[in-house]
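Notes follow once the structure below has been shown.
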Amino acid sequence: MATLASNALSQVADVKESLGIDNGVTTHDNMIIRLINAASDAIENYCNRTFASATYTNEEYDGTGANYLVLRQYPITSISSLDFLTSGYDSPSWETIDSDLYSFNADGRLYYKATFTRGFQNWRVTYVAGYSATPDDVAEACVAYVVYSYKKSKSAGIKSERLGEYSVEWFAPTGSSIIKELGLDDILDAYKTPTIASF
């Protein structure tokens with residue numbers, strides 16, 4: 001029996017409700033769980049980020065010469081340390097910056113009262129970021145992805161079928177991702193990780 005992955009963005013009960021499957025019927029649970037896990041991975045890959053709250057230890061960043069860095073994960077909950085590389089990469093030595101000298105916004109920006117000295121991987125940050133609960137619109141996007149995948153797998157490619165004057169509509173070949181095909185990019189683009197300037 002499959003189990004929901006730690007990064008699952010929707011629940012089995014929500015998918016079953018959208019599919020019209022009674023929650024007490026467990027016949028399809030294994031497939032639904034596998035599809036939720038696959039959809040969650042696809043959404044996180046599309047957004048280039050993790051949604052669940054987690055600790056990121058010593059993530060390294062290029063100094064840009066600006067007074068802020070855009071961290072890879074957000075919303076930021078807390079920052080444990082900010083360090084600057086003071087010696088060569090062969091035998092690195094890091095100087096910890098006093099916490100009074102920096103602040104952050106939940107949107108992923110870390111601000112420094114000086115500037116982030118330009119360099120390659122010469123800053124590192126330990127911080128906590130992510131959501132304690134999946135945002136509702138992301139969870140619904142995951143449900144929509146799973147429902148689509150479930151129906152497609154069950155219908156052998158048939159999207160809809162009519163008996164009177166028999167007609168069949170087939171799922172279109174997916175030249176693009178399911179996310180774009182379903183228009184979920186309208187929701188998920190707002191959660192894409194901001195572009196990180198490079199050295």
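In the range 5-32, the residues that are among the basic types (K, R) form Cβ pairs under 9 Å with partners that are in a loop (DSSP other than H, G, I, E, B) and surrounded by 14 or more Cβ atoms within 10 Å (Cβ to Cβ), at six or more places apart or across chains, as follows: K16/H28.
Only residues that are of a type in the set (G, A, S) and open to solvent by 40 Å² or more (accessible area, probe 1.4 Å) were counted across the range 53-64, and they come to 1. State which residue is farthest from S10 (Cα to Cα) when the search covers only the range 126-144 and only residues that are open to solvent by less than 30 Å² (accessible area, probe 1.4 Å) and more than 13 Å from the chain's Cα centre (by Cα). By that ranking, first place goes to T126. A search for C-beta distances below 7 Å between a residue of the range 65-89 that is within 13 Å of T117 (Cβ to Cβ) and any residue that is open to solvent by 20 Å² or more (accessible area, probe 1.4 Å) and small (G, A, S), counting only pairs 6+ apart in sequence or on different chains, returns T86/S93.
Looking at the range 169-179, can you tell me whether even one residue there is at pLDDT 60 or above, open to solvent by less than 40 Å² (accessible area, probe 1.4 Å), part of a helix (DSSP H, G or I) and out of contact with any Lys or Arg (no Cβ under 7 Å at 6 or more places or on another chain)? Within the range 169-179, one or more residues are at pLDDT 60 or above, open to solvent by less than 40 Å² (accessible area, probe 1.4 Å), part of a helix (DSSP H, G or I) and out of contact with any Lys or Arg (no Cβ under 7 Å at 6 or more places or on another chain).
I'd like the residue in the range 105-125 that is among the hydroxyl-bearing types (S, T, Y) and open to solvent by 50 Å² or more (accessible area, probe 1.4 Å) and, out of all such residues, is nearest to I76 (Cα to Cα). Before you say what the answer is, go through the steps one by one.
Filtering the range 105-125 for residues among the hydroxyl-bearing types (S, T, Y) gives 111-112, 115, 117.
From the residues that got through so far, the ones that are open to solvent by 50 Å² or more (accessible area, probe 1.4 Å) too are 111, 115, 117.
On the way: Y111: 12, T115: 20, T117: 22 Å.
Among them, the one singled out is Y111.
E95 fulfils the conditions (1) assigned to a strand (DSSP E or B); (2) at pLDDT 95 or above; (3) over 28 Å from the mean Cα position of the chain (by Cα); (4) surrounded by 12 or more Cβ atoms within 10 Å (Cβ to Cβ) except for a single criterion, (4).
Anything in the range 1-51 that is in a helix (DSSP H, G or I), open to solvent by less than 60 Å² (accessible area, probe 1.4 Å) and closer than 30 Å to V70 by Cα? List them, or say none. If the condition is that a residue be in a helix (DSSP H, G or I), open to solvent by less than 60 Å² (accessible area, probe 1.4 Å) and closer than 30 Å to V70 by Cα, then I36, N37, A38, A39, S40, A42, I43, E44, Y46, C47 are the ones that fit. Determine if the range 146-161 includes at least one residue that is surrounded by 19 or more Cβ atoms within 10 Å (Cβ to Cβ), among the hydrophobic types (A, V, I, L, M, F, W, C), in a strand (DSSP E or B) and modelled with pLDDT of 95 or more. There is no residue in the range 146-161 that is surrounded by 19 or more Cβ atoms within 10 Å (Cβ to Cβ), among the hydrophobic types (A, V, I, L, M, F, W, C), in a strand (DSSP E or B) and modelled with pLDDT of 95 or more.
Here's the yes/no breakdown for (1) in a strand (DSSP E or B); (2) closer than 30 Å to D137 by Cα:
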position	(1), (2)
T55	yes, yes
G65	no, no
Y74	no, yes
L82	yes, no
S87	no, no
D90	no, no
A106	no, yes
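The values are calculated or read from the model by the stated rules, or taken from the named source; none is laboratory data. Here the structure is a predicted model, which is why all the values come from computation and not from measurement. Note that each Cβ is placed from the backbone with ideal geometry, even for glycine, and that neighbours are counted across all protein chains shown. Accessible surface is based on the protein model in full, side chains and every heavy atom, while ligands, DNA and RNA are left aside. Shrake-Rupley method; radii C 1.70, N 1.55, O 1.52, S 1.80 Å.
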